[in-house]
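The next block holds one structure in the form of structure tokens; read it before the comments.
Every number here is computed from the coordinates shown, using simple stated rules; none is lab data. Nothing here was measured: the structure is a model prediction, and the numbers come from that model. Neighbour counts are summed over all protein chains in view; Cβ atoms, including those assigned to glycine, are modelled from backbone coordinates with ideal geometry.
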Amino acid sequence: MKTTAVLLTLVVSVLLQLVAARYAFGAAWHLDLVLVGVVYAAIYWGPAAGILAGTLGGLTQDLLSSGIVGVGGLAKTLTGFAAGTFAAQFIVVRPQARVLVVMVATVAHRAVMVGLYALIDQRWPAVSWSAILGETLLNAVAALAAFQATELLPGAISRSRQARRSSIRRRQW
């Protein structure tokens, strides 16, 4: 497991959650970029990375929100472990499969959250299926963008380096 890469993924997802999600969508739409980062880490680096990212990301998100501290951490830890285990058992390399894992993880995460709040409060919280569907779709789009950027970025950097090298060689002659 690449701890530095997992932590960097987590920092980027928390910062994007704080900056972009709050101001771009407001309270009308829910976007959980930290969960996308947790599932991203779990798919790329396995269940241990999913546990680490889920624990740290969930607790960070809990500390920054007004909810009960630990509920999001536990839910994201379980979701990260499950996504990492699934990705380790099955070949999840196509973008459609990765997005499907993120969508299932989003619904599972929300179900765990509702269940934990029901256990703590001793009553079932209201469940908005349209909000869950909206969050699932937005997380899927964000995950698709993250996975595509990760796949395309190294090739683009390599091509730009080659272009610079060839232009430098032409100048020397």
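Points worth noting:
- The length gained on full extension between L133 and T3, counted as 0.36 nm times the residue separation minus their Cα-Cα distance, comes to 43.6 nm.
- Residue order, fewest to most surrounding Cβ atoms within 10 angstrom, among W45, W129: W129, W45
- Between A145 and L15, the modelled labels are 1.6 nm apart [label points 7 Å from Cα along Cα→Cβ].
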